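Each reported figure results from applying straightforward, stated rules to the coordinates on display, with no laboratory input. All of these numbers come straight from a predicted model, not from anything done at the bench. Don't worry about glycine lacking a Cβ; one is built from the backbone with ideal geometry, like all the others, and counts go over all protein chains shown.
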Amino acid sequence: MEALLVSTSVVALAEIGDKTQLLSFVLAAKLKRKYAILSGIFFATLANHALAGYVGAWLATLVSPLILKWIVALSFLGFGVWALKPDTLESDPKLRRAGVFVTTLVAFFLVEMGDKTQLATVALAARYDALAAVVAGTTLGMVIANAPAVWIGEALAHRINMKAMRWVAAALFVALGVLTLAVGGDR
């Protein structure tokens, strides 16, 4: 349960102002089909984070628990710094005419590659011996953060203090890094 809750909260906060959330705003503004967009986000995230989770679980088998503990802790500290940098999205992303669901699925999957939330999924899967809970949590966190972006759209973006949210996300990542060092992570 801890892996699910930590994964959900970390990714939901880290996603605020992230480039995939910015993509959610763009998709909602241009494509207008909220349910198809949310479905595309869900399935793209599930596929992307399942892959990332498997990589994290596999990497955890390659190194000793002590080395893994330091790698994961330093990763979380790095994500804390990264969370403070505002993301941007190209001014007018080219959206293909493949249908709203497929366009969202492909665009979201590709934009999430190498993103801090994907890399956080790798670190969380390496930290917790609960792959399904981590993937479910990170996917739920993405949906929690992106559903309002799709549903309420641009009006929401102007009401959220993105700078404050980046600081909260950064603090959460740093706390996870410190906690990983303090309590361990022995699989």
In terms of Cα to Cα distance under 21 Å, which lysines are near enough to residue 116, apart from those fewer than 8 places away along the same chain?
19, 69, 85, 163
Rank the residues 54, 35 as a footprinting-exposure proxy: fewest other Cβ atoms within 10 Å of their Cβ go first.
35, 54
Distance in nm between residue 2 and residue 144 label points, each 7 Å along Cα→Cβ, equals 1.8 nm
Sequence of 41, 71 once ranked by neighbouring C-beta atoms within 10 Å, starting from the fewest:
71, 41
Rounded to the nearest 0.05, FRET efficiency between residue 106 and residue 58 (Cβ-Cβ, R0 25 Å) equals 0.50
Going fewest to most other Cβ atoms within 10 Å around each Cβ, 61, 104 line up as 61, 104
Approximate shape of the range 2-183 as ellipsoid semi-axes (Cα gyration tensor, √5λ), whole Å, largest first
28, 18, 12
